[in-house]
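The values are calculated or read from the model by the stated rules, or taken from the named source; none is laboratory data. Quick caveat, the model's predicted, so the values are computed rather than measured. When we count neighbours, we look across all protein chains shown, and the Cβ atoms used for this are built from the backbone with ideal geometry, even at glycine. Areas reflect the complete protein model, heavy atoms only, side chains present, ligands, DNA and RNA absent. Shrake-Rupley method; radii C 1.70, N 1.55, O 1.52, S 1.80 Å.
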Amino acid sequence: MAQERFEFRSETKELLQLMAKSLYSSKDVFLRELVSNASDALDRRRFEAVTDPSKLSADETLEIRIHADKDAKTLTIEDNGDGMTRDDMIANLGTIAHSGTKAFVEKLKSAENADQANSLIGQFGVGFYSAFIVSDDVTVTSRRVGQDKAYTFRSSGDGSYTIEDAQKDSCGTTIVLKLRPEDLEDQLSDFTDAYVIKNTIKKYSDFVQYPVMVECETQHHREGVEEAEGHDASTCHDPTHMVTEKVWEQANSMKAIWLKKADEVTDEEYNEFYKNITFDWSDPMFRLNLKAEGTVEYRGLVFIPARAPYDMNYRDAKFGLRLHAQHVLIMEKCAELLPDYLRFVKGVIDSSDLSLNISREILQKDRSISTIRKHIVKKVLDLLDDAAQNDKDKYNTFWEQYSRYIKEGAASDYDNKDRLLKLMRFVTSTTVAEDEKSESKKSSTTSFADYIARMPSDQDAIYAIAGESLEVVRNSPHLEAFQQKGYEVLYLTDPYDEILFSQIPEVQGKKITFIGRGEVELGSEEEKKEKREKLESQKKDFDALLQKLQSSLSNDVESVRLSTRLTTSPACLVGRDGDVSPHLQRLLSKMGNGNGLPESKRILEINPNHPLLEKLQSRFAANADDAIIPKYAQLLYGQSLLAEGSPLPDPVEYTKLVTELMVETL
Ligand code: ADP
């Protein structure tokens, strides 16, 4: 086959340029990426050989070899893994598989520093392209296991690549990077120096489960010189007596860190391992050693990243733990080991009860897997529970990053619902007031348990208000009666909260009550009775006015009624029981999900004790056809919309009305 030339896809080109730029200060990651690819290729070959032993003879050692040529300025990384065919090369090296490449390129552009860029690159898996950080002449020669033909892929990373036939004696992949002369001037980035190579392997790839062999030079004294001159070879410094020899040295220790006892491993080693498997650049927030003996035996090491991975909500992103069976990696991301909502958990599980050739389909039904999964969930929740009790600051950071996933879990994991509810934290009227008093810049939160413990004896429900932002909810007129009674109200500004509590209507036997919906009756039985009687008599007085207001607003509200929740504001809008808040309604229709929901009209509540309503009532009593009444109806409606953070349907009309009345009163 003659040489064929191909173009990279346009995103690939952009990505290559960006990557070279953003990773300029930490070039050495390219070696981590290429070694990790080689290790994956060895995994795949070993895995294929489980079902087809002809693919790996008993005397062949799976390993990675790295050697440099100082004169030619090249670095070679070689593996005897599964190798690639010509088509594999086009599919794997010529295109970036992810459909989200564009999104990724955007993220990379906005990365603030090399660390962020690094961790993005790792999470995204564009590993191979990192070769172009140090080279603009990359050749990949590969032969697929079980096949005779080999091919060479070659690119300078400038937009195109070529593929041609090649000779290769055995299966696997050899990557040759022609290094840039200017990089070699700096001792630290001279990747033709075995010392630099070995250090980089130690730093990033120490736990790789295959030997990473680096070609090194050693010097020793020439034999025969001793006898001839009778001098001591061990102290001789004569350069003419020395010979240089090439030897292979293993650069990684290959230790399976998860099999070791926790006290035999340092925090640094654990963190390094975490970074190795996640390509995260920061230390993890939590670490957990897992060990189970009994029905199913397994060991594991799991982590919670310091920040929620950026792709948590991408539809095609893959999550899961690395799964080893009898210490052999059988799956990079085993999703079956975690419920969906814990998809941010990273780590490795190693079980001696699983067979090496377990398939995806079997995994889903496998009893041991579901036992392990239950155990992992329990241990992760234990860990979080413990942090929530004993390390509040750390737990708060966790909550900031992962609240959404814990809520998702409470709605989906029935068995652990109560444990997950216990982990939830909310900003409330009380925490906001306390933060203000102590002039703390942080927003404190409370748990349901603490909220319930603070409830006055005559309060029988958990009260909540949902809205767009803290500013909007905390100034909402709906709060007035609750504030007066000293009842604490949860401020729910995550739109997901409303959905969650429509599925979980009760916590610890207390109903979650949204204060912007339905009718409100607060206080002891006696107080309620008293208020009811007062309301009945006011209803008689206001009945005709209410009807008048209602007919003026018939297009806007379902009804107009007297309020029991207002103390200082003249009016507010409320929903019926079971309605969603106007904020959520707007969000849902923006996302195109609101169509199923009926456009429900709301109820305008007016405060009969407010001077405005008293005066309006006397105007109305004097002249039921007074033209000012319908105008006031519009104003009250507009004010109520503004107070809850909703837009006015017709701001121009509203402003005109206000101006008109301003003129009149002057
Ligand atoms: P990722 O490793 O995240 O899939 P890469 O860009 O690093 O992304 O590699 C793309 C693909 O190229 C790999 O998934 C693999 O199929 C193939 N590949 C890369 N390096 C090797 C190798 N040394 N041996 C065999 N296949 C390889």
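If you roll a 1.4 Å probe over the heavy atoms of the protein chains, what accessible area per residue do you get for the chain, in Å²?
Dividing the accessible area of the chain by its residue count gives 50 Å².
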Positive-end residue of MET285, GLY157, GLY94, charge dipole of the chain with Cβ unit charges: MET285
Cα-projected label distance for ARG454 with THR85, points at 7 Å along beta-carbon direction, nm: 6.6
Label-point gap, in nm, between TRP248 and MET662 - each point 7 angstrom along Cα→Cβ: 8.6
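Tell me, in nm to one decimal, what length is gained between HIS231 and THR218 on full extension, where the rule is 0.36 nm per residue of separation less the Cα-Cα distance? Each step should come with its number before you reach the end.
Working: separation 13, 0.36 × 13 = 4.68 nm, distance 2.13 nm.
Here the segment from HIS231 to THR218 would lengthen by 2.6 nm.
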Fraction of antiparallel bridges per DSSP, the chain only, in percent to nearest 5: 75
Pairs beyond 27 Å (Cα-Cα), from LYS149/LYS275; LYS102/LYS407; LYS365/LYS422; LYS255/LYS333; LYS55/LYS198; LYS178/LYS318: LYS149/LYS275; LYS102/LYS407; LYS365/LYS422; LYS55/LYS198; LYS178/LYS318
Using alpha-carbon coordinates, inclination of helix 628-643 to the longest axis of the chain, degrees: 30
In order through region 232-238: 3J(HN,Hα) via Karplus (6.51 cos²θ - 1.76 cosθ + 1.60), integer Hz, x for Gly, Pro: 8, 5, 6, 10, 6, 10, 6
At most 12 other Cβ within 10 Å, DSSP loop - GluC sites (Glu not before Pro), region 284-354: GLU293
Calculated FRET value between SER352 and ALA461, using beta carbons and R₀ = 35 Å, to 0.05: 0.10
Scattering profile of region 517-575 at q = 0.31 Å⁻¹ [log10 I(q)/I(0), Debye over alpha-carbon scatterers]: -1.33
Solution diffusion estimate, µm²/s, Stokes-Einstein, the chain, Kirkwood Rh from C-alpha pairs, 10 °C, viscosity 1.306 mPa s: 52
Mean Cβ count within 10 Å, highest first, over the residues of peptides 361-371, 65-75: 65-75, 361-371
Volume per residue of the C-alpha convex hull in region 474-600, rounded to whole Å³: 131
Kirkwood Rh in Å, taken over region 154-216 so that all alpha-carbon pairs contribute: 14.6
Region 4-103: GluC sites (Glu not before Pro) falling in loop per DSSP and having at most 13 other Cβ within 10 Å: GLU60
Helical mean residue ellipticity (222 nm; -39500 (n - 2.57) per DSSP H run of 4+; nearest 500) of the chain: -12500 deg cm²/dmol
Cβ charges +1 (Lys, Arg) and -1 (Asp, Glu), total dipole of the chain, debye: 2360
Within region 150-212, GluC sites (Glu not before Pro) in DSSP loop having at most 16 other beta-carbon neighbours inside 10 Å: GLU185
Stretch gain in nm, segment LYS202-SER537, where the contour uses 0.36 nm per residue and the Cα spacing is subtracted: 112.3 nm
Rounded to 10°, Cα long-axis angle of helix 10-22 versus longest principal axis of the chain: 80
Rounded to whole Hz, the Karplus (6.51, -1.76, 1.60) HN-Hα couplings of region 264-281, x for glycine and proline: 9, 10, 8, 4, 4, 5, 4, 5, 5, 4, 4, 5, 4, 8, 10, 6, 6, 9
Difference of contour (0.36 nm per residue) and Cα-Cα distance, ASN475 to LYS255: 73.4 nm
Ratio of Rg to Rh over region 257-404 (Cα coordinates, Kirkwood Rh, two decimals): 0.95
Amide proton proximity set for TYR463, modelled H, under 5 Å, gap of 5+: LEU490, THR513
Charge dipole magnitude, Cβ of K and R +1, D and E -1 - region 422-514, Cα centre, debye nearest 20: 240
Pairwise label distance in nanometres, GLU264 with ASP186, each label 7 Å out on the Cα-Cβ vector: 3.9
Alpha-carbon centroid distance for the pair region 648-662 / region 422-497, whole angstrom: 34
Cα centre as origin, Lys/Arg/Asp/Glu Cβ charges: region 257-404 dipole, Debye: 520
Ellipsoid equivalent to region 258-313 - semi-axes via the Cα gyration tensor, in Å: 23, 15, 8
Selection from GLY347, LEU545, SER600, by position along the positive dipole direction of the chain (Cβ): LEU545
Surface share of carbon and sulfur [accessible, 1.4 angstrom probe, percent] for region 525-665: 53
Options ILE376, SER469, PRO649, ranked by Cα towards positive dipole end of the chain, top entry (Cβ charges): PRO649
Kirkwood hydrodynamic radius of region 525-665, from inverse mean 1/r over distinct Cα pairs, in Å: 16.4
Whole-percent carbon and sulfur share, accessible surface of region 422-514, 1.4 Å: 47
The chain: angle of helix 392-412 to the longest principal axis, Cα-based, in degrees nearest 10: 80
Carbon + sulfur, % of accessible area of region 1-91 - ligands and nucleic acids excluded, 1.4 Å: 48
Hydrodynamic radius by Kirkwood, which averages 1/r over all alpha carbon pairs of region 422-514, in angstrom: 13.5
